[in-house]
Amino acid sequence: MDEQKFDPYEYYASYPTKVISRPGYPARAAFKATLMWKLYGSELHRRLGEINTYADIGGCFGFAANAMVFHIAQCQGRRPQTTIFEIASDFVMIGKQLFPDVHFIEAEFESGADASDVFDLVTLFDVLEHLVDPESLLRCVAARSRYVLLKTPMETTGSWRGARPLGQGGDAHPDGHIQFFSPGSYEALLKRGGLDIIKSRLLPTVVPLGARLALVPERLAQPSSGPVAVVKRCLRGAVRAVHLGMPALLFGGVRRIVGGGTHLCLCRSRQAGPDTRESPSPQP
């Protein structure tokens, strides 16, 4: 990748039209939020009591944020005040029509969030791998949030082979990724950014075997006839089945060594105040 020639802002100016044409995109975006809430929603509710303010960074059209708001409202009986920060004008324009109850801000979080605003919850789903300086964003998030949910792909060979990128970046990457993480380098980045991991998990993919028809229809539509294609499909299915059958701790250990997969985590800002449900110290 020639970093001098690749301009992320120029690339993402036309990204909305690429994303919306993917048949399974809205379902995948909503499913990401649903999976994250299933894994970490009860812990958030236990710690916060209620989520009054929620922000999603790089939220595209708002499908993931809308799903997260639905789950929060189901849990606490009311919707939080919701803000989406997005730099692509087409995402913002369409998102405002799709979700009029959500406040869209066409700006980066660093410049669009008021310094006095502190969100109970911030989500970053598939965001950090797109940024030139992800640590700067994380520091800003840590200063203006209490809890953070993150989903980020791990696209390196892992610790066994020196955490080298599995593919090319920039224009050569299908989604324009320019940052490539191993679990170790990623968790160190979160720590430098001012976040402490409460719970985390490494998955081979967020799409379960039984949901591929709904969530990845474009992949299933690809030609799959012929003996080679059938063997590849069977091998992929066998590998996925082994992964799904592994205990979470064992699978995470394997991924740290060989690389790949997706890192999901719930973090708490080191600058956050006390949780709503933390009892005050008894007075003498």
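Values quoted throughout were computed directly from the atomic coordinates according to the rules given, and no laboratory measurement underlies them. Bear in mind the structure is a predicted one, so any value in this text is a computation, not a measurement. Ideal geometry is used to build each Cβ from the backbone, glycine not excepted, and the neighbour counts take in all protein chains shown.
Using the average count of surrounding beta-carbon atoms within 10 Å as a protection proxy, the listed peptides 188-199, 52-63, 8-19 rank, highest first, as 52-63, 188-199, 8-19.
Ranked by how many other Cβ atoms sit within 10 Å of their own Cβ, fewest first, the residues 124, 131 fall in the order 131, 124.
Panel order for 90, 120, 171, 101, by other beta carbons found within 10 Å of each beta carbon, from fewest to most: 101, 171, 90, 120. Pairs over the 24 Å Cα-Cα cut-off, from the set 151/191; 32/96; 32/199; 38/96: 38/96. Each semi-axis of the equivalent ellipsoid for the stretch 1-160 is √(5λ) with λ an eigenvalue of the Cα gyration tensor; in descending order they amount to 25, 19, 17 Å. Under the criterion of Cα pairs below 8 Å and six or more residues apart, the relative contact order for the stretch 131-186 equals 35 percent.
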